[in-house]
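**Student:** Here's a structure for you.
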Number of protein chains: 4
Amino acid sequence: MVRYKKSEERRKQILFAAFKALSDYGFETVTLQIIADNAQLSKGVVHYYFDNKEAILVELLEWLTLKIYLKERAATQEQDTALGKLESFLNSVFISPEENRSFYRVYLDFLARANRVLAYREINQRFYDNCASISTEIVLLGQQERIFAEHLSPESTAPIIRAIIDGCLIQWLMSDRDELHAVFKKSCYDAIIHLLMK
Amino acid sequence: MVRYKKSEERRKQILFAAFKALSDYGFETVTLQIIADNAQLSKGVVHYYFDNKEAILVELLEWLTLKIYLKERAATQEQDTALGKLESFLNSVFISPEENRSFYRVYLDFLARANRVLAYREINQRFYDNCASISTEIVLLGQQERIFAEHLSPESTAPIIRAIIDGCLIQWLMSDRDELHAVFKKSCYDAIIHLLMK
Amino acid sequence: MVRYKKSEERRKQILFAAFKALSDYGFETVTLQIIADNAQLSKGVVHYYFDNKEAILVELLEWLTLKIYLKERAATQEQDTALGKLESFLNSVFISPEENRSFYRVYLDFLARANRVLAYREINQRFYDNCASISTEIVLLGQQERIFAEHLSPESTAPIIRAIIDGCLIQWLMSDRDELHAVFKKSCYDAIIHLLMK
Amino acid sequence: MVRYKKSEERRKQILFAAFKALSDYGFETVTLQIIADNAQLSKGVVHYYFDNKEAILVELLEWLTLKIYLKERAATQEQDTALGKLESFLNSVFISPEENRSFYRVYLDFLARANRVLAYREINQRFYDNCASISTEIVLLGQQERIFAEHLSPESTAPIIRAIIDGCLIQWLMSDRDELHAVFKKSCYDAIIHLLMK
DNA sequence: GATGAATGAGGTTTCATTCAT
DNA sequence: TATGAATGAAACCTCATTCAT
């Protein structure tokens with residue numbers, strides 16, 4: 001139905017505006033007015049599509065984490081070898097200072113609040129699980145290819161990979177220096193490789 | 001203009017109350033009233049000791065990160081060997097579900113805001129540098145003891161160690177399951193050992 | 001960013017309520033709540049139309065002084081002779097105990113603050129200049145009619161006329177006696193006439 | 001008794017500090033802390049000597065207006081002729097930009113509040129009466145000397161003189177230009193002379 | 001007498017949410 | 001659907017005043 005599609009577009013439009021607003025202003029400072037302004041809509045219409053501010057944020061986190069996961073997944077599937085997949089995966093993660101900054105700014109805000117909001121934790125857990133499935137797949141393939149250490153349990157290695165990635169990107173973000181993006185990317189890649197290789 | 005010397009104990013009392021309040025409620029929800037209630041003081045007295053809410057938060061971050069660093073440092077100095085120091089260091093980091101939760105909840109809040117507040121970034125950078133000095137020292141000692149890989153640059157290894165620690169603790173925090181604390185601790189330890197050992 | 005065009009009538013309504021509130025309570029005592037109550041509006045709506053309390057006051061002074069000036073000007077233009085204009089002018093100035101009291105109460109508050117607030121001083125200066133133009137015109141006409149002393153400089157006489165008017169009305173206001181309004185009016189008129197006539 | 005004298009000195013010290021504070025900050029902005037700081041005393045001691053803030057202000061107005069009156073009176077008594085007295089009187093009124101500014105700033109604040117506070121009005125009325133007695137005396141003397149117009153009623157002329165003085169000084173204050181002090185002084189003098197002389 | 005820490009009422013301001021149009 | 005005016009709860013902050021020391 002047309003109405004449904006239009007409606008869905010409006011929601012996406014608002015979500016994207018919310019993403020931009022959050023990235024620019026942060027959780028504490030952002031207001032529905034700013035989101036509405038970003039979406040070039042009135043404040044009222046935002047409430048028409050979402051019950052309240054929280055509903056926007058929940059849906060935004062869902063939308064955002066799914067998008068990131070799908071990107072990473074697609075990047076991995078472009079390659080056939082374990083090393084190729086790993087590299088492609090990390091390339092899609094460390095995509096650019098601009099994109100990493102805007103995503104991680106918002107993502108950090110969500111993580112900070114996830115401690116108190118169950119809905120966020122659940123969404124984030126799904127995100128973790130999805131990402132873990134990618135890593136797990138790569139590790140398994142690498143072991144089949146006999147280039148990754150056999151003693152590694154793919155399931156318990158995935159969180160470590162995630163940890164190194166998140167930890168590096170957070171440190172990079174805190175450094176506020178774009179030129180270090182490549183440095184952290186390489187460090188991250190080397191560490192993961194070192195961890196996996198025989 | 002006469003400005004009175006404020007009692008240091010009161011400041012500490014308020015900072016600790018702020019820490020507890022932040023851990024319980026989060027940045028967004030916490031109010032000066034809650035902080036004052038936690039400190040069993042009136043709202044006014046909080047403003048008597050701190051110019052404004054922001055000043056409390058800045059000083060809290062400073063106090064908190066310094067305290068953590070000193071703890072980690074003290075733990076490391078209790079041991080003489082690289083492996084002993086590393087283990088002691090990680091024990092002081094993964095101290096207990098309760099302490100890790102309360103600290104990381106607040107710390108995540110700070111990281112989230114550090115993107116927009118220079119003061120927080122600067123304090124955090126100092127914290128990073130301090131922590132890095134501990135890791136660097138351990139790596140160097142391990143190399144002297146001929147048990148850690150020589151090809152590792154101590155300076156560029158430190159951030160990876162930090163990344164694994166932070167990344168693991170964040171994932172643990174998001175899991176909201178105390179029983180996983182030990183699991184993440186072990187994974188973290190194993191990964192770091194694997195990274196460092198010959 | 002979409003900024004909505006605020007209804008002019010509402011602004012006027014709030015300004016008038018602010019005028020009444022100021023006249024009743026004075027600068028120090030008046031609150032936004034009182035202004036809102038006077039306007040029969042909620043506190044929030046006042047902030048919807050004005051950025052802050054100061055903005056209301058600035059606009060109020062501007063509105064008030066312009067209104068007074070236009071009244072005086074209109075009164076003067078009703079007459080053709082110098083004496084007629086002067087009388088009409090003073091009639092519009094000494095209009096009634098009620099109106100003079102409410103205006104001068106507020107005006108005195110503004111003058112008191114104008115010492116520290118440039119914006120007020122500027123608005124008041126414009127008011128002075130406008131009022132001076134009226135007096136100057138009357139003096140010039142009177143000189144052309146050969147009934148006012150030629151040696152008077154119209155430009156330097158205007159401030160003296162203003163001084164006598166303000167000085168008299170302040171003294172009347174301080175007396176807190178409505179029945180003296182007519183007395184001060186006559187004294188003021190006589191003094192100005194004495195000053196101007198040959 | 002020593003205690004009484006010490007006590008009186010403290011009160012004066014506080015009053016003078018309050019005068020300076022009011023002149024610098026204005027009624028709205030001034031706080032007891034600022035007054036105490038100006039007096040180089042603690043906040044507590046101010047409350048020891050005065051019941052509350054209002055009591056300070058009332059006594060300040062009383063002290064200030066009396067001081068001004070005595071000054072004007074003394075200046076007048078230095079001369080013997082009507083014109084000499086008038087000139088001396090006006091010299092003591094238009095004393096200097098600095099002194100006039102600090103006094104009129106505070107005085108305007110008091111006038112503004114006098115509308116609502118009976119105590120201020122009463123003190124001010126006494127000040128008016130005192131000042132009027134000076135003017136009345138000068139006018140009477142001038143009439144005896146046959147240089148002032150006989151038809152003037154000394155009692156009703158005094159308020160006009162006061163009006164011209166206050167009106168001029170307020171306009172000068174609002175101009176915020178020290179160099180106009182002499183100009184307004186001369187205008188004021190000329191107008192009064194013109195009003196009084198035959 | 002003197003201090004300054006502590007209180008708490010009350011002010012300005014922000015903003016999610018509602019609702020008439 | 002869409003708007004934006006209106007509401008009111010709740011935040012931060014100020015400051016006169018009190019009172020233990």
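**Student:** Treating the beta-carbon of each Lys and Arg as +1 and of each Asp and Glu as -1, no other charges, what is the dipole magnitude of the protein assembly as shown about its Cα centre, to the nearest 20 debye?
**Tutor:** 600 debye
**Student:** Please compute the net charge surrounding B:M197, taking Lys and Arg as +1 and Asp and Glu as -1 over other residues with Cβ under 15 Å from its Cβ.
**Tutor:** Result for the neighbourhood of B:M197: 0.
**Student:** What do you reckon, how do B:I123, B:I147 stack up by accessible area (1.4 Å probe), largest on top?
**Tutor:** From most accessible down to least: B:I147, B:I123.
**Student:** Between the alpha-carbon centers of the range D:35-82 and the range C:54-97, tell me the distance in whole angstrom.
**Tutor:** One Cα centre to the other: 37 Å.
**Student:** Counting only helical runs of four or more DSSP H residues, what would the 222 nm mean residue ellipticity of chain B come to if each run contributes -39,500 (n - 2.57) and the total is spread over all its residues?
**Tutor:** After summing the helix terms and dividing by the residues of chain B, the value is -27000 deg cm²/dmol.
**Student:** Nearest 10 degrees is fine. How inclined is helix B:118-144 to the longest principal axis of chain B, computing both from alpha carbons?
**Tutor:** Approximately 20 degrees, to the nearest 10.
**Student:** Hey, got the dipole for the range C:1-50? About the Cα centre, +1 on K and R Cβ, -1 on D and E Cβ, debye to the nearest 20? Kindly include the intermediate steps, with their values, before the conclusion.
**Tutor:** Details: 8 positive and 5 negative charges, 72 e Å.
With Lys and Arg at +1 and Asp and Glu at -1, about 340 debye.
**Student:** Another question, if that's okay. Can you pull the mean other chain C-beta count within 10 Å for peptide B:111-119? Don't skip to the answer; put the middle values down first.
**Tutor:** Values: counts 8, 13, 7, 5, 11, 6, 1, 1, 0.
Mean inter-chain Cβ contacts per residue within 10 Å come to 6.
**Student:** While we're on this one: For chain A, what % of the accessible area comes from carbon and sulfur atoms, probe 1.4 Å?
**Tutor:** Numbers: 4880 of 9000 Å².
That share works out to 54 percent.
**Student:** Rounded, prolate or oblate: pick one for the protein assembly as shown, where a ≥ b ≥ c are the square roots of the eigenvalues of its C-alpha gyration tensor, a/c under 1.5 means rounded, and failing that, prolate if a/b is larger than b/c, else oblate.
**Tutor:** Prolate shape, in that a/c is at least 1.5 and a/b is the bigger ratio.
**Student:** Smallest Cβ-to-axis distance in chain A, for the rotation taking A to D: which residue, how many Å?
**Tutor:** A:T29, 15
**Student:** Per residue of D:170-178, what is the mean number of Cβ atoms on other protein chains within 10 angstrom of that residue's Cβ?
**Tutor:** 5
**Student:** Quick one: grab the alpha carbon gyration tensor of the range B:124-198, order the square roots of its eigenvalues as a ≥ b ≥ c, and give me rounded if a/c is under 1.5, else prolate or oblate depending on whether a/b is larger than b/c.
**Tutor:** oblate
**Student:** Same structure again: Taking D:D24 in one copy and the same position in all the others, each labelled 7 Å out along Cα→Cβ, what are the pairwise distances from the first, in nm, shortest first?
**Tutor:** The answer, with the shortest distance listed first, is 3.7, 4.2, 4.3 nm.
**Student:** All other residues with a Cβ under 13 Å from the Cβ of A:L140 taken together, and with Lys, Arg as +1 and Asp, Glu as -1, what is their net charge?
**Tutor:** -2
**Student:** Any idea of B:V45's accessible area? Nearest 10 Å², probe 1.4 Å.
**Tutor:** 30 Å²
**Student:** A further question on this structure: Ignoring ligands, DNA and RNA, what accessible area per residue does the protein assembly as shown give at 1.4 Å, in Å²?
**Tutor:** That works out to 45 Å² per residue.
**Student:** Still on this structure, please answer the following. Ignoring ligands, DNA and RNA, how do C:Y69, D:Y189 rank by accessible area with a 1.4 Å probe, largest first?
**Tutor:** D:Y189, C:Y69
**Student:** Say a label goes 7 Å from Cα toward Cβ at C:N91 in every copy; what distances in nm does this one have to the rest, shortest first?
**Tutor:** 4.6, 9.1, 10.0
**Student:** I need the shape label for the range D:68-194. Rule: rounded when a/c is under 1.5, else prolate if a/b > b/c, else oblate, with a, b, c from the alpha carbon gyration tensor. Don't jump to the answer; show the numbers that get you there.
**Tutor:** Numbers: a/c = 1.90, a/b = 1.32, b/c = 1.43.
Because a/c hits 1.5 or more and a/b fails to exceed b/c, the range D:68-194 counts as oblate.
**Student:** Taking 1 over the mean of 1/r across every pair of different Cα atoms in the range C:1-50, what Kirkwood radius in Å do you get?
**Tutor:** Kirkwood hydrodynamic radius for the range C:1-50: 11.1 Å.
**Student:** Moving on to the next point. How much accessible area is lost when chains D and C come together, counting both sides, with a 1.4 Å probe, in Å² rounded to the nearest 100?
**Tutor:** The D and C chains share an interface burying roughly 3400 Å².
**Student:** B:N38: net charge of surrounding residues, Cβ under 11 Å, Lys/Arg +1, Asp/Glu -1, itself excluded?
**Tutor:** -1
**Student:** In addition: Quick one: label points 7 angstrom along Cα→Cβ at C:S42, distances to the other copies in nm, smallest first?
**Tutor:** 1.7, 3.1, 4.7
**Student:** With +1 assigned to the C-beta of every Lys and Arg and -1 to the C-beta of every Asp and Glu, and no other charges, what is the dipole magnitude of the range B:57-196 about the Cα centre in debye, to the nearest 20?
**Tutor:** Here the size comes out at about 300 debye.
**Student:** Using +1 at the Cβ of each Lys and Arg and -1 at the Cβ of each Asp and Glu in the protein assembly as shown, identify which of A:W172, D:F50, C:V117 lies farthest towards the dipole's positive end.
**Tutor:** About the Cα centre, the residue reaching furthest to the positive side is D:F50.
The values are calculated or read from the model by the stated rules, or taken from the named source; none is laboratory data. All values reported here derive from a predicted model rather than from experimental measurement. No Cβ is skipped: glycine too gets one built from the backbone with ideal geometry, and neighbour counts run over all protein chains shown. Each accessible area value is taken on the protein alone, full model and side chains, heavy atoms only, with ligands, DNA and RNA left out. Shrake-Rupley method; radii C 1.70, N 1.55, O 1.52, S 1.80 Å.
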